[in-house]
Every structure is written in structure tokens, then in C-alpha cells.
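*Asks:* Structure below; questions to follow.
Rule-based calculations on the coordinates, nothing more; no lab input. All values reported here derive from a predicted model rather than from experimental measurement. Virtual Cβ from ideal backbone geometry, glycine too; neighbours counted across all protein chains shown.
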Amino acid sequence: MQNKLQKIAKDTNIFLKKFIKKQKKSNLIIPMKYGLFSGGKKIRSKILIDVGSIFKINYNSLIIIGAAVECIHAYSLIHDDLPCMDNDKLRRGKPAAHIKFGESTAVLAGNSLLTMAFEILSFNSLNLSEKIKNNLINKISKCSGHLGIAGGQYLDLDFENKKISKKRVIEMEIKKTGKLFSFCCVAPLIIKNKNHKEIKRFEKIGSDIGLLFQVADDLIDYKGKSSIAGKKTGKDKKKGKATLISLLGYKNTIKYARNLILKINNNVKKYGPRSEELSKTLSFILNREK
């Protein structure tokens, strides 16, 4: 698993570095690169490639699409760390972007990464029809804005120190994290022009994978070590964050996560051996330490 993640991370970073190098220089390039090349595992890209392999999508096309996903993920982390959001000073063992470059620069670098994602999806070297590119841009836009990442972050902040139902917590975590995973799961089906019903099915699978990832992240915050996680842990409880752990308890949340994996595996088992790599990634997500 580590070797495959490293290969995907390497190939994604090679593409992104070449893409940025071809752009005109600006003062924001350095903070953008700081947020983008901070050592993330590229799990979203791995999920994209796992599902892409089920539908026999060209690997290089998936790397380019994954690069767009990683730009949006990097933008969201830069903004999440800001003092007006989660006020985190560390990210992946390094000073957060706003600590390194200042708040205004961090905001602008995040904004620039968000828009660069759309630029990448319209890139000439992405060998897809204009219609498919437009559909991918449309889908990733919805997953990133008020119906996705931004909306989820709003709810995350709004729910602090409030009694929130399990249904609402799951809704928040799916928006905050699950929607971008949903895009990763449906992008290969959009490329293959699959029908609406099958796309909706993989959207749900992606939401469940994103929920699994967020639950694993919450478990790391609850029990993990800051030195391993690369960020301060124990923050959720101090801030009164609404999480499944706060509702279900630590052990029941682990059971919930394991049941999520069973559910996802049942939904993809009809694809036989082609879904095995996805199953391995799900286990890795739950058992990771950072």
C-alpha cells in the first residue's frame, strides 16, 4: 500500500510541478507550493485511481484529475487552519501557511489553488472531450462550494459547543470531507458516460469513504500523538466539536467505522478482483496514524 501511495504522490507532484513551472511567476507561487507540496499521502487520488482501475480509465488522465483534487484539498487545509476557522498552527509537522506567510497571503494562496484546480481540468493534455471536462468541472465545483467543503466547514464551526444529532453530524462530515471523495468516485463514471443511477450509486460510495476518512481523522485527534499526526491532537474535545466520538464514544465509533467498510465493500463486490485495491485502501484509511 505504501509503495502505491508513494508512486501516486510522486506522479501527481511531478505533474503539478511541471504545470506550475509553465505558469507566469507571481508572489503567490511560493505559498501555493508550500501548501501543495507539504507531504500529504494523496489518499483522495488513490481512491480516484482505485475506482478508475475498476472502469479501466487511463492512469495518466487520472493523475491529472487527481492533481486538481489535491489543489482543492490543499486550499481547504490552508483555509481550515486560519485563526478565524480552526486556528491550527501546525500542518503535517510544519508551520501552517498563515504562520509561515501571514493570514492574507494564506487566504490568497488558498483561493489561487482552488481556481487552479479548474484550470487543470480544462488542460489541453487531459485527453478527454470538452463535454466530459465540463461535466468534471461542474461536479468538482459543487463538491467544493456551499454544498460541499465550504458548507461542511461552516457547519463544523456552527456546531461547536452545541448538542447536535447524529444525523446532522454525519451530514456535516459528509459535506466537509465526503463530497470531495464522492467526486473521486464518480469522475471515472463521468469519463465512461455511465448512467445517472450508477453515478448516484458511486456518489454514495464516495460519501461513505469520506465519512470513514473523517471518522479516522477524529479518532486520530482523540487518541493519536501530535508527534506522529504532524498536528496538535486533542483539539476536538477542547473546542466542543460535534463528532461521532462525542456522540457514540471511542469504541462504538470504531465499530461504526468498521461497519462502514463492510458496507462499502458490499457495494463494490460485484466488480470482483478489480475492487480489491479499493478494499485495501479502506483498511489503510481506518488504521492510519496520521
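*Asks:* With Cβ to Cβ distances under 9 Å as the rule, what net charge do the other residues near Asp88 carry (K, R +1; D, E -1)? Working shown, then result.
*Replies:* Working: positive: Lys89, Arg91, Lys231, Lys232, Lys235; negative: Asp80, Asp81, Asp86.
Once positives and negatives cancel, what remains is +2.
*Asks:* Further question on the same structure: Can you give me the C-alpha center-to-center distance between the range 62-85 and the range 125-150, rounded to a whole angstrom?
*Replies:* Measuring centre to centre over Cα atoms gives 15 Å.
*Asks:* For Lys166 and Leu248, compute 0.36 nm times the residue count separating them, minus their Cα-Cα distance, and round to one decimal in nm. Please list the in-between numbers first.
*Replies:* Working: separation 82, 0.36 × 82 = 29.52 nm, distance 0.88 nm.
Difference between extended and current length: 28.6 nm.
*Asks:* Of Tyr222, Ser246, Ile264, which is farthest on the positive side of the dipole of the chain, counting Cα position, with +1 on Lys and Arg Cβ, -1 on Asp and Glu Cβ, and the Cα centre as origin?
*Replies:* So the residue furthest toward the plus end is Ile264.
*Asks:* Past 32 Å, Cα to Cα: identify those pairs from Lys94/Lys197; Lys33/Lys239; Lys94/Lys270, in the order given.
*Replies:* On the way: Lys94/Lys197 43 Å; Lys33/Lys239 30 Å; Lys94/Lys270 43 Å.
Pairs exceeding the cut-off: Lys94/Lys197; Lys94/Lys270.
*Asks:* Tell me, in nm to one decimal, what length is gained between Asn259 and Asn127 on full extension, where the rule is 0.36 nm per residue of separation less the Cα-Cα distance? Each step should come with its number before you reach the end.
*Replies:* Numbers: separation 132, 0.36 × 132 = 47.52 nm, distance 3.82 nm.
Value of the extension gain: 43.7 nm.
*Asks:* At a Förster radius of 25 Å, what calculated FRET efficiency corresponds to the Cβ-Cβ distance of Leu157 and Arg92, to the nearest 0.05? Don't skip to the end; give the middle numbers.
*Replies:* Values: r = 22 Å, r/R0 = 0.88.
Here the calculated transfer efficiency is 0.70.
*Asks:* Then there is this: Between Lys235 and Phe37, 0.36 nm times their residue separation minus their Cα-Cα distance comes to what? Show your work: numbers first, answer last.
*Replies:* Values: separation 198, 0.36 × 198 = 71.28 nm, distance 2.46 nm.
Using 0.36 nm per residue and subtracting the Cα-Cα distance, I get 68.8 nm.
*Asks:* Cβ under 13 Å from Phe19's Cβ, Phe19 left aside: what net charge do those residues give with Lys, Arg +1 and Asp, Glu -1?
*Replies:* On the way: positive: Lys17, Lys18, Lys21, Lys22, Lys24, Lys33; negative: Asp11, Glu70, Glu119.
Around Phe19, the surrounding residues sum to +3.
*Asks:* Further, regarding this structure: Using helices alone, what [θ] at 222 nm do you get for the chain, with -39,500 (n - 2.57) per DSSP H run of 4 or more residues, divided over all residues and rounded to the nearest 500?
*Replies:* Values: 16 runs with 205 residues, N = 290.
One gets -22500 deg cm²/dmol as the mean residue ellipticity at 222 nm.
*Asks:* Set the Förster radius R0 to 45 Å, insert the Cβ-Cβ distance between Glu289 and Thr115 as r into 1/(1 + (r/R0)^6), and round the FRET efficiency to 0.05.
*Replies:* Numbers: r = 33 Å, r/R0 = 0.74.
According to the calculation, E is roughly 0.85.
*Asks:* Let me ask you something else. For the chain, how big is Rg over Rh, using alpha carbon atoms and the Kirkwood form of Rh? Don't skip to the answer; put the middle values down first.
*Replies:* Working: Rg = 18.1 Å, Rh = 19.2 Å.
Radius of gyration over Kirkwood radius for the chain works out to 0.94.
*Asks:* Straight-line reach from Lys4: which aspartates and glutamates fall under 20 Å, measuring Cα to Cα and dropping same-chain residues less than 8 apart?
*Replies:* Asp50, Glu70, Glu276, Glu277, Glu289
*Asks:* Still on this structure, please answer the following. Under DSSP H, which helices of the chain have Cα atoms covering 20 Å or more of the helix axis and a Kyte-Doolittle average no less than -0.5? Write out the running numbers ahead of the final one.
*Replies:* Working: long enough: 2-21 (28 Å, -0.65); 59-80 (31 Å, 0.94); 103-121 (28 Å, 1.06); 130-144 (21 Å, -0.76); 196-223 (40 Å, -0.35); 250-268 (28 Å, -0.52).
Taking the DSSP H segments of the chain (at least 20 Å long, mean hydropathy at least -0.5), we get 59-80, 103-121, 196-223.
*Asks:* If you put +1 on each Lys and Arg Cβ and -1 on each Asp and Glu Cβ, how big is the dipole of the chain around its Cα centre, in Debye rounded to 20? Walk me through the numbers before you get to the answer.
*Replies:* Details: 57 positive and 25 negative charges, 116 e Å.
Dipole size: approximately 560 debye.
*Asks:* Can you tell me the dipole magnitude for the range 109-228 around its Cα centre, using point charges on the Cβ only (Lys, Arg +1; Asp, Glu -1), in Debye to the nearest 20?
*Replies:* On the way: 20 positive and 13 negative charges, 104 e Å.
Dipole about the Cα centre, nearest 20: 500 debye.
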